[in-house]
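Let me begin by presenting the structure, written as structure tokens, before commenting on it.
Please treat every number below as a calculation from the coordinates, not as lab data. All of these numbers come straight from a predicted model, not from anything done at the bench. A quick note on method: Cβ atoms are made from the backbone with ideal geometry, for glycine too, and the neighbour counts reach across all protein chains shown.
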Amino acid sequence: MFKPRTFTPDVPVRPLLTRADLWLLLTIIGLLALVVGIAERAPATVQGPEISLSLSALPFYAIRSVGRMAIAYALSFLFTMVYGYIAAYNARAERILIPLLDVLQSVPILSFLPVVLLGLSAILPEAWAVELTAIVLIFTSQVWNMTFAWYQSLTTIPRELREASSIFRFSRWQRFTTLEFPFGALALVWNSMMSWAGGWFFLIAAEIFTLGERDFRLPGLGAFLQTAADAGDLNSIVWGLLTLIVVIVLLDQLIWRPLLVWAGQFRIELVERDDENRSWLYDLLSGSKLAAWFGHVIGRLNDTLLVWFGRRPAADPYLSGTEKSSPIEWLAFVLSVVLIGWGVFSGGQLLLRVPLEQWAMIALSVGATMLRVVMAMILALLWTVPVGVLIGTRPAVAAVLQPVIQIAASIPATALFPVLVLVFLTVPGGLNIAAVLLMLLGTQWYILFNVIAGASAIPQDLRFTTELLQLRGWERWQTLILPALFPSLVTGLITASGGAWNASIVAEYVVFNQQTYQTIGIGAQIAAATEAGDFAGLFAATLVMVIVVVAINRLFWRRLYRLAETRYRME
């Protein structure tokens, strides 16, 4: 009797921390200590801009906000392409780049927003420093899940397709344009949508930032909404939210939905689908002569790049061989040594200023935040997996729910936190419940968008096969859906986990109606140290969070990532 292979993960055993992890952690510590040292020399007062509540200013503010998002996304996309490609195809670089990616996505950027901003304002003109900080903040919210998705796509390309590209003697550029980028296009589009949705949260946080006598606000939708809320102008708040929703819907209809339809043609399947995604703009452009001319120009550009990069066949990236250290590697080594030396000296001085009682509180806070992160992740999994599979496998449902999800994911979770505080404040443990819900609101979308991407990439012929075998219910989930989703699900969980730890900074410490509400947690420790200007406490709490999150990534998430690469590759 036929017995299908079911979803039973067998996690490979790997060391918790390697020498590369420890070296990178020390380098990051040195970099953070350097930034903290510069921040202490920032100007004492900063004059902010005047934010107009005139409705005629809304289009200008919307353009400024979208412009910052677009610049940050362009940088994120470029970083994703280069970083993910090197990490996937260079074994030596992978041993450094992937642990570094774990460390970087684990750094709670919200905790170091004031430090980075003060550091840049100490060495750059104020206007440049504020704009650059906003772009950096948005960049860090967009880039990690895109990079992980691109890396996961490159490492899970079916072996027979890689062998075919070698047989046809594809150059590197031909392999990229005909195999690698098409294979990862669908995951990149969905994660780009998630990046834009998450970017709105960090954009608004950057546009409304103030610190004591320093006003770092930026003209944009976030500053408009904050100014309207401070003035109690409900009419302006409604118009600001409507403008944000209109921008999100326009982006969905004019950019993301056409890109989804375009990326859908690259699915690996032997049977054509009857229920493909549709886009009115994509259909319109398909019959446009201007679009055809533009496609011809892109084709000519591709031919030029092919000549420029050469037609020499690319070597198999998975063949092992000896690699010599390049001058860039030696330069990176020297810089890391300098940063480590600075970290030991400057960071050590900061850590010695932290009393033992505060260290004990930080240790207790880490455990409390970890429990909230686990609860938020479990709650997110319970609804995002079934809903994501429904949307990813039913284009008719996706056409209705995709704009709704885009809008819901783009609404800053912190805007809802005062409501959650008021609702749960009278309930025993209510602030803990509100903190878990805010973490859930900030991280569930990473899982949902990756599940949708994984479900929509399941080949139609495999679905037909499960129907012919009469697999139903849980047996079908074990045999087809969960194994197919596993790589995308792990990517979503890794980024969601990092996002939950980051969200703890605003979830565990909130100032509302001139009152401060705080619960035990590492995020509250970081927020309180930031509010008090305690750079030593901020550095200690942030450092502990980074180390804990990196350890979790290496102990658990990275092992699941390796499992996805080896056992659940689509081949």
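Please find the FRET efficiency linking Asn235 to Leu364, where r is the Cβ-Cβ separation and R0 is fixed at 51 Å, and quote it to the nearest 0.05.
After rounding to 0.05, the efficiency reads 0.65.
Nearest 0.05, what FRET efficiency do Thr465 and Phe168 give at R0 = 41 Å with Cβ-Cβ as r?
Efficiency for this residue pair is about 0.90.
Using 7 Å Cα-to-Cβ label points, what is the Arg562/Leu352 separation (nm, one decimal)?
3.9
In percent, what relative contact order does segment 453-523 have, based on Cα pairs under 8 Å that are 6 or more apart in sequence?
25
How far apart, in nm, are the 7 Å Cα→Cβ label points at Ile71 and Leu132?
It works out to 1.1 nm between the two label points.
Note down the nm distance, to one decimal, between modelled labels 7 Å out along Cα→Cβ at Ile268 and at Ile520.
Once both label points are built, they end up 4.9 nm from each other.
If each residue of separation counts as 0.36 nm, what is the full-extension length gain between Arg159 and Trp293 once their alpha-carbon separation is subtracted?
44.7 nm
With 5 Å bins from zero, work out the P(r) of segment 454-571 over every alpha carbon pair and list the percent per bin.
2, 10, 15, 15, 11, 10, 9, 8, 8, 6, 4, 2, 1
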